[in-house]
Structures are given as C-alpha cells and as structure tokens.
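What follows is one structure encoded as structure tokens, with my remarks underneath.
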Amino acid sequence: MGVLSWILNRFFRRAPARAVVAVPSARPSAADARRREPREPRTSAAEPAATPFPSAITHLPHPDRVAVESIPEREAVWLDAIERRVVAGDFDLPQLPSTTLAVVELAADPDAAAARLAALVERDPVLSSELLKTANSVLFSGTAPAQTLQQAVVRLGARQLRGLAFALQMKRVVSRAKGLTAYADSFWRQATSMAKLAREVAAAARLDEDEAFLVGLLHDIGKVPLLDLIAREVNQRSDVSRALVGRVFAKFHEQVGSQLATRWSLPFDLAQVAGCHHDFAANTASPRFAALASLVHGLDLQLALGSEPSFYELRQRPEFEVLGIAPEARGVLLKACVAAFQAAQAESNAFAAPRP
Ligand SMILES: [Fe+2]
C-alpha cells in the first residue's frame, strides 16, 4: 500500500465506503452529508476502553522540545546562515504544480463534475496512480473495482481528492530533504498523528471532521521547505542536531507556512492556521482551527514523549475552552486520543518518509 493510500485509508475514512459505480457528478450524496455532520460529543456514558499509555518514541528526533538545548558550536554558523536566508527570502518555496492546483481548486467547487476532475487528475500520472490505488484499497472498494479515474473520483469524493493532492505534494517536497531522513520521518509521523488526533477532537468540538483532518495534517507545512533549506545549508549532512532543526522550526515555520499556504492557494482556514497556531489566541481569523492545531500538537508531543501525567494535565489547556469542550468531557476525549495515537503508531511502524 502506498504512503498516501495508507494516510487516506487510515485517516479519512472510518467505515467502509458504499459500493459505487460510475455516476456523472462528484456532488456529495446524502450519505456523505450525514457522514460529515458533526457527531455528538462523547460523554462519560460512552467512555472508551482504557488503552495502555504509549512508551516514548525514541527512534526519531523530537525537534519540537529542544528550547533548552544549546546549539553545537560548529552549527552556529549554519544557523546564522539559515536565519539570514529565511529573512531575505533566499530559499526554495516550492510551487504547487499547475495540475495539482487545478485539481484542488476544482475539487473545492461543490458543483464540480467527476468527469472534469478525472480529466484533470489524468494529467498527473503519480496522482492518477495514487487515486486508483486508494479508491481500490480495502476500505474504499465496493463490489467492483474502480477501473477509471472517474469511478475513483466518485468513490473518494472531491474533498478527499483535494486532501490526497495536498498530501502528495507534501510528499514530493519533503523527499528533497536529503540527509535529514530521520527528521523527515519525524515530520511525517507527527503530521499523520496530529491529523488523526484532530479528527478525534473534531467530533467533540462539533467541527467538520474532514476539515479538521486537513488542519492536523497540514498546519505545520512550513517545516517542509525549512527541512529542504537546512539540508542544503548543511550540505546534506545527516548528523545535524535536533537543537538546530528545532530552533529553525520554532522561529520560522509559521512564517514560512503562511508563505507556502499562499503559494499553494490553500483554503482560507488552512492558510490562516499554517501562519499562526502556537499562539492560537492571536489567530482571530480562524480561532477554533488554530486552537485545534495547537491542542493536537500538545497532545502528540506528550504522547510521543510517553509522559502520561503531563498528557492528562493537558485537560486544563485553554484550547478546550475555545473549542467548546466541557471539562467533564475532556477525560474521555483524552483517553480516546491515546487509543487514536496508539493505532496511528501501530499502523505506521512500516511507515517511513518517502525517499527521493
Ligand atoms: Fe507548529
């Protein structure tokens, strides 16, 4: 199963899709509309079975928790050069390929016809291949395999096609970070974990689950070109300290995320959140999605560190207030997040960042 198929199967869908044959429109069905309706918040009456708390992830670097670590002396020169290049805009801010841009724009149109979407997808062989593989994977397949791109578009739906297109481009760009494989793996683990956690939180916060998934997956998109920049500046060395990477991420990933979101014409809320999520209260344009991004980052970090007391202390986080999740519902939600995180890690054991 391809990486993108894995992402979509595991995160976009909760239940097997209906059997589908080719139909002329990509408009969402009534079943799709019902599926996207926010679910009732979980209560203690629906408390999930306890899941063992995960052990710390030690095989991947955690560049997001290195504020107190000093930069090795030899890296100070690299850090200075990287900072100057970011400030000057002297780095590669990748374009969204014209075909991908056209696909995501058309997929955002609720009146877009499947035939037009399929015709666009056909121009990108990699996207075409991933779309067919995903549509015919176990969770999506109906009684008959999707044999055409139009059937595959209908089966997934325009919204998931848009997510697939964005994820594919992230995959393409992060693969350029030569020498920083461990950091690329860490980025993908974190992004996919946060996507799954965001979907879990969305149900309790009465947010659209598909939109929440994309916020979890893409809000740190600014790290992608920064990884590429670091790799180039350190001349593709693999022993770069997490302090250096963490320092660059902390200082610039929202700024660069905003720039990349503009270049990629990401939807409004996604662009706003990519540019401002850690100080989520400052994001007055998309406050709930910014709070969601900040919360799932905190959840993933404590889960990845294997820190159970710190994780459950997160129930006091102000993001819950912004999201409208009552205190009495937070314990149940956090337990559900443990299970979601565990499932994501188990499924991603064979998952690694795409290689060039
Ligand atoms: Fe971030």
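The values are calculated or read from the model by the stated rules, or taken from the named source; none is laboratory data. Source: prediction; values computed, not measured. Counting neighbours? That spans all protein chains shown, and the Cβs are built from the backbone with ideal geometry, glycine included.
Structure above, values below:
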read-out: Leading residue by the ranking (farthest from the ligand (Cβ to nearest atom)) among those in segment 241-268 that are over 16 Å from F289 (Cβ atoms) and among the charged types (D, E, K, R); value: R263
read-out: Qualifying positions in segment 209-221 - surrounded by fewer than 21 Cβ atoms within 10 Å (Cβ to Cβ) and at pLDDT 90 or above; value: none
read-out: Yes/no for S238 being surrounded by fewer than 22 Cβ atoms within 10 Å (Cβ to Cβ) and more than 13 Å from the ligand (Cβ to nearest atom); value: yes
read-out: Listing of helices (runs of 4 or more DSSP H) fully contained in segment 184-302 that carry 3 or more residues being touching a residue at least 60 places away in the same chain (Cβ under 8 Å) and closer than 20 Å to M170 by Cβ; value: 209-218, 223-233, 242-263
read-out: Residues satisfying the stated conditions in segment 58-86, i.e. under 26 Å from the mean Cα position of the chain (by Cα) and either part of a helix (DSSP H, G or I) or within 16 Å of the ligand (Cβ to nearest atom) (or both); value: P61, H62, P63, D64, R65, V66, A67, I82, E83, V86
read-out: Contacts under 9 angstrom Cβ, first residue in segment 314-327 being on the phi > 0 side of the Ramachandran plot, partner not in a helix (DSSP H, G or I), 6 or more apart; value: G324/P41; G324/R206
read-out: Boolean, L101 is closer than 30 Å to Q342 by Cβ and either in contact with a Ser or Thr (Cβ under 8 Å, 6 or more places away or on another chain) or hydrophobic (A, V, I, L, M, F, W, C) (or both); value: no
read-out: Selection count where residues are within 12 Å of the ligand (Cβ to nearest atom) and either under 15 Å from the mean Cα position of the chain (by Cα) or hydroxyl-bearing (S, T, Y) (or both), scope segment 276-291; value: 2
read-out: Test set (1) more than 16 Å from V224 (Cβ to Cβ); (2) modelled with pLDDT of 95 or more; (3) not aliphatic (A, V, I, L, M) - F268 fails condition number; value: (2)
read-out: Residue within segment 297-320 that is surrounded by fewer than 21 Cβ atoms within 10 Å (Cβ to Cβ), small (G, A, S), in contact with a Leu (Cβ under 8 Å, 6 or more places away or on another chain) and within 28 Å of S98 (Cα to Cα) present; value: no
read-out: Index of the failed condition, L229 passing every other in (1) within 16 Å of the ligand (Cβ to nearest atom); (2) under 12 Å from K178 (Cα atoms); value: (1)
read-out: Flag if K133 is among the charged types (D, E, K, R), part of a loop (DSSP other than H, G, I, E, B), surrounded by fewer than 21 Cβ atoms within 10 Å (Cβ to Cβ) and in contact (Cβ under 8 Å) with a residue 24 or more places away in the chain; value: no
